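What follows is calculated from the coordinates using simple rules that are stated; it is not laboratory data. Since the model is a prediction, treat every value here as computed from it, not as a measurement. Note: ideal-geometry Cβ built from the backbone for every residue, glycine included; neighbour counts use all protein chains shown.
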Amino acid sequence: MIETMTEYVTATVGGQLFGLPIARVQDVFVLDRLTRVPLAAPEIAGVLNLRGRIVTAIDMRRRLGLAPGAVGKRMAIGIEFKGESYGLLIDAIGEVLNLSSGGREGNPVNLEPRLARVSAGVHRLEDRLLVVLDVDRVLDVGGALAEAA
Amino acid sequence: MDELLRDFLTETNESIDVVDVELVRFEHDPNNAKILDNIFRLVHTIKGTCGFLGLPRLEALTHAAEALMGNFRDGAPVTSEAVTLILTTIDRIKMLLDRLERNQSEEAGDDQDLIVQLGRMAAGAGVAKSAEPTAAARVARVTASPPPSNQVSLEELERAFQAAPGPEAAPAPAAAAPTPPAPAGEGTDAEAAGRDGERAGEKIASKSIRVHVDTLEHLMTMVSELVLTRNQLLEIVRRHEDSEFKGPLQRLSNVTAELQEGVMKTRMQPIGNAWQKLPRIVRDLSTELGKAIELEMHGAETELDRQVLEFIRDPLTHMVRNSADHGLEMPAARRAAGKPEKGTIRLSARHEGGHIVIEIADDGGGLNTERIKSAAIARNLATAAQIAKMSEVQIQRFIFSPGFSTAQTVTSVSGRGVGLDVVRANIDEIGGLIDVKSVAGRGTTFSIKIPLTLAIVSALIVEAAGDRFAIPQLAVVELVRVRSGSEHRIERIKDAAVLRLRNKLLPLVHLKALLKIDGDADCRAEDGFIVVMQVGSQMFGIVVDAVFHTEEIVVKPMSSKLRHIPLFAGNTILGDGSVIMIIEPNGIARSIGNVAVERDAAAAEHEAGRQYDDSGIESMLVFRAGSPQPRAVLLSLVTRLEEIDVGKIETANGRALVQYRGQLMPLIPVNDDVRIKNAGKQPLLVFSDEGRSMALVVDEIVDIVEQRLDIELVSQQLGVLGSAQIRGQATEVIDVGYYLPLAFDDWQVWRERRVAAARHRVLLVDDSQFFRNMLVPLLGAAGFSVTSAASADEALAILREGMRVDVVITDIEMPGMDGFELASAVRRDPRTASLPIIGLSSLVSASAVERGRQVGLHDYVAKFDRQGLIAALKEQTADMSRAA
C-alpha cells in the first residue's frame, strides 16, 4: 500500500492536541473585537470582521464541552464551509506536522465521547495523541443543538 | 422608440459586428464549419426577427445572404468575391439599420441590386468568381453610392428567385421599374445622420452595452465596501474635532454617495421586464377558461432593483392568473350583470416615496365575502362570533392566510393550494405589504408595496448591555429620552413597562431583556432611550441604553448557524470595522406578542396616517375593584396610572379629593365595594380631558392585555359597558362615560340603551382623542362600524376617497374648520349632499340648533347625551334603510 502524507495544522484546546488537514485551513488569525450574538447557540462565540468578511467564531472549548477559556487575544483557525467563513477558537496554535496516512487509526474506545464526536481518527505521536478534527462535524452546531433539545 | 425595435437594434448591431469579424475569419479559414455555422445562425436570427417586426427590405436582403451562405454550408467553394458580396450586403444592412434607428421605420427603396447578385452567386456558386469580378468590386462601394439596379434583367431576377425563394412580398416588380434613390441625396442624408448622431448622441447601439449580472453584483459589493470604508473614516474624523481630513473626506463622502446611487441605478430594471410574459399567459388563459380578457399594463417603465424584481416576478404572475381565473366572471354572467363581456385586468406600477406600488385590478365580481367567512370558520381561523364583528375588509384579508382557498373547483390555472399565502410570504420576505380591496360586483384590487432596493438600508445604531445593534430606520417612528422625574418617564403596570406618549400608553420592552443579554443587570432603571417603532399597526417602544447615530449599512446575510434567530435580519460591518447585528422589526413585533394577520389588517389604515378603529385589537388595562373578578378598561382612555399616599386624600362634601397637578381631582370608587385604603398607597386610574381630571379608585392594577375585544352587551348594570373574555376570563369592561358625570356635575348623565342595529358605517369627527376613544367602542358596541377622524379636513379626505359612510357625527367646536363648516362642505359636494350629519356639542342653545339646521345638520345632540346620540343615529340610519 502506498502511504500518502497529509500535512496537519495542529492546535491545542483544553490541553488536547488536535490536527486539521492543511487543505481545509484558510488562515490562522488573532481574535480581535468579537461581537457576541444574543440568542445564538452557546458554542457560537460571536461574529467578527476578517478583512471585510463576516466570520462566525466557534468556541472550540465550548464545542468540546469544556469550561470557557480565558478572555483576551485568542487564536483562531479560519476555515470555509459551504461558502461561509468560520473561525475555530483555540487555546494555542502548534506546528504543522506531516503525517503518513498509514499512521492514522480509528478512535480508541476509551476516547472521550465529546472528542469522539468530532474526531476523524487519531495519530499516536511520540509523546501524545493527536485527534484529527472532522471539520464538518465540528461545524454541525445546529445538530448539537438538536441533541440538546 | 418602440421597446421591441430598440432591443432589435441593439441586438442586431451586435450580431452584425460579430458577423463582420467572423466572415473575415471564415475567408481565411473556409473549411472551418464552426465559424460558418455561427455566421449562418446570426444571419438567420436577424432574418427571422425582421420578418417578425415587419421589415421587408431587411428581411429580403438577409434572406438572400442566408441562401448564399447556405450554399457554402452545403460545400460550395468559398471565394473572396462571395465573401466580399456578403460583406457588402452586411454594409447595406448596417446602413438600413442606421436609417431605421433614425426614422424608426424602414426606409422605402429596394436592394434588388444586391439580392440579384447574391442570388446569382448562390445559383452559380463558383461562376461569379471569373465572370464578374468588376461587379463585385463595384458593389463593394455600395454604401456610398449604390449602383443603378436597372441593369438587372428580368431573367436574372427569375433565376435568382428560383435559386433562393424569397418572401412572398418581395418587391420583385420594383426591379423592373426601379426608383433608385438619388445617390447625392443619399450621401447628404448619411452625412446628416452622422452629424445628428454626434450631436444628439442618440445611437442606441453604441450607447448601451451588455454587462454580465455578476459584474454588476461585484461592483455593488465593492461599492458597499467603499461605503463601509467611508463610514469608517467618518467615524475616525468624528473623534478628532479639528481634523484636516474633514474637507477632503466630505468630498469623498459625497462622491461615494453618488457612486452608490449610480451603481444602484445600473441594477434598476423596468418592472415591465417582469410583465413580459403576461400578455401571452393571459391570452392562453383566455382560451383555456373561455373568457375574453383584456390585459392593460400601465407604468411598465417604473424601475426597481433587479433583486426585488426577481422576488415579485412569480407572485405577480400568480396574481394575474388568479384574477383571470377567480376574479373575472364567465361572459354570460358578465352580460347578466350588465358588464361588457370582455373582462379587464389592469396592472399598474408607480413610485411612491422609496417604494414601488403595484396594483392588480380586475373588473370582476369581487371577493365572495360569505364564502371567505365559511372557509375561515372551516379552517379555524376565527370563530363565527369573531367574524360577525369583523368588517368586510378584515374578512377579505383572510385570503392571505396560509392554505386558504375558496376555489370550489381545482382548475389547471389556480386553486391548487398554492395561493395568496405564498404570494404574501414572498412579499413579506422583502419587507413589502400586500392588501386587497374588493367591491361586490365591481371587482377586486390587490395592491403591493415593496421597497426599491434591499442592498443598503439606513439604520439607527443603539446600545444595549454594552453591545451595539442596528435598527432599520424604516421602522423607527421617533426617539424619546426618559429620565425619572422628567416629562417622559417609564411607568409601570405590575411588571409591564409603559410610556405615556401624547396621551397614549405605549408598551415598552427592554432590548436587553428581549435578547436575553441583561444577565442580572437592572432592567428597571428609569433612565434611557426609547426607540418608538411601528410595525404595521403595532406601536411599541424599545428601551436601549444609548443611541448613537444613523448609518447607511449594507445588509449582509447571516451565517446559516444564526439564521434561525428571528430577532435578527442580518449583520453588517460598521464604520469602525466591528460587526453588528441588525434587528428585525417584524421579529421584535412578533415576540412582543401580536400576530401578523392583525398587523396587516390595520397596516393599510396606518399608512394613510389615520386610524380606522375596526382593527379590533385593543389594549386593555385589567384591574380589580371590590371583588376578585377582573375588570377592564380601554387603555387608550386612561391618561395615567397613579399610586398616591393615602394621607394625601382629602374629603369634602362627602367626596374624596386629592391635590393633583395643581388641581383638586375627584376620586370615584369603581363600585360601592371599593374602599379607599386606610394606609399606604392607593392605586388610581386617572382620566383627563381638556384640563380636567378625575380618578377611579381601584384595589389593584393587574396587567395590560392586547387582544381583540368582543364586548357582549348584556349588562344592565350602571357603569358597566358589558363583559368580554380577556385571557380566557370573563371580565367586566367598565364604562368610563358613566363615571365622568359622577365626578363633575356638568358632565351630563349618560345612560345606556342599546337596540340592535344594522352595521352602518359612522364617520366620527372630533378633535378630542379622548372622546374619539370613548365613543368608538361605544358606537361599535351599539352595532355601528366606526371610522374616526381628528379634524374636519381629515373627514373630508376620507369622504373624498369614496369610503362608504352612512352617517357623519361631528363635534361642533373644533380648531380650524368647525362642525358647521364641515357640514356645509359635505352638503356642497354632490356625492355626499344627502349624507346625514349629526352635530355633537357641549353647547346646546337655540341659536346653535338653528345654525345647525341652516347648514344642513340632520340632528343636534349634546356631547354627553349618549342615549340621545344613539337614538339619533338609529333614526338617521332607519330613514336610510327605508329609503334603500
Margin query: Just to confirm a number: summing +1 for Lys and Arg and -1 for Asp and Glu over residues other than A:Arg61 whose beta-carbon lies under 13 angstrom from that of A:Arg61, what do you get?
Written below: +1
Notebook entry, point to check: Between the range B:28-92 and the range B:779-812, how many Å separate their Cα centres?
Noted result: 72 Å
Notebook entry, point to check: What's the extension gain from B:Glu107 to B:Glu821 if we count 0.36 nm per residue and subtract their Cα-Cα distance?
Noted result: 250.5 nm
Next item on the list: Calculate, for B:Leu259 and B:Lys504, the FRET efficiency according to 1/(1 + (r/R0)^6) with r their C-beta to C-beta distance and R0 60 Å; round to the nearest 0.05.
Entry: 0.90
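For the range A:30-147, divide the Cα radius of gyration by the Kirkwood radius and give the resulting Rg/Rh value with two decimals.
So for the range A:30-147, dividing Rg by the Kirkwood Rh gives 0.97.
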Next item on the list: Evaluate the distance, in nm, between pseudo-label points positioned 7 Å from the Cα of B:Arg800 and of B:Glu244 along their respective Cα→Cβ axes.
Entry: 5.9 nm
Notebook entry, point to check: Arranged from highest to lowest average of other beta-carbon atoms within 10 Å per residue, in what order do the peptides B:36-48, B:653-665, B:215-227 appear?
Noted result: B:36-48, B:215-227, B:653-665
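Over chain A, what relative contact order in percent results from Cα pairs under 8 Å that are six or more residues apart? Walk me through the numbers on the way to the answer.
Working: 273 pairs, mean separation 40.6, N = 149.
In percent, rounded to a whole number, it is 27.
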Check: What is the sum of charges around B:Asp363, taking Lys and Arg as +1, Asp and Glu as -1, for the other residues whose C-beta is under 14 Å from the C-beta of B:Asp363?
Finding: +2
Notebook entry, point to check: log₁₀ I(q)/I(0) of the range B:225-364 at q = 0.19 Å⁻¹, via Debye over equal Cα point scatterers, no solvent, to two decimals?
Noted result: -1.03
Notebook entry, point to check: Which of the lysines could a cross-linker bridge to B:Lys339, judged by Cα under 22 Å and excluding same-chain residues fewer than eight apart?
Noted result: B:Lys291, B:Lys437
Checklist line | Residues A:Glu95 and B:Arg73, FRET efficiency given R0 of 56 Å [Cβ-Cβ distance, rounded to 0.05] | finding: 0.25
Notebook entry, point to check: For B:Glu288 and B:Glu650, what does the FRET efficiency come to when R0 = 56 Å and r is the distance between their Cβ atoms, rounded to the nearest 0.05?
Noted result: 0.10
Next item on the list: Quote to one decimal, in nm, the extra length available between B:Ala337 and B:Arg41 on full extension: 0.36 nm per residue of separation minus the C-alpha distance between them.
Entry: 101.2 nm
Check: Once label points are set 7 Å from the Cα along Cα→Cβ at both B:Leu226 and B:Thr832, what is their separation, rounded to one decimal in nm?
Finding: 5.2 nm
Margin query: Let me check I've understood the local charge: for A:Leu89, count other residues with C-beta under 10 angstrom from its C-beta, Lys and Arg +1, Asp and Glu -1. What total comes out?
Written below: +1
Item checked: Footprinting exposure proxy for B:Ser484, B:Ser619 (fewest neighbouring C-beta atoms within 10 Å first) -> B:Ser484, B:Ser619
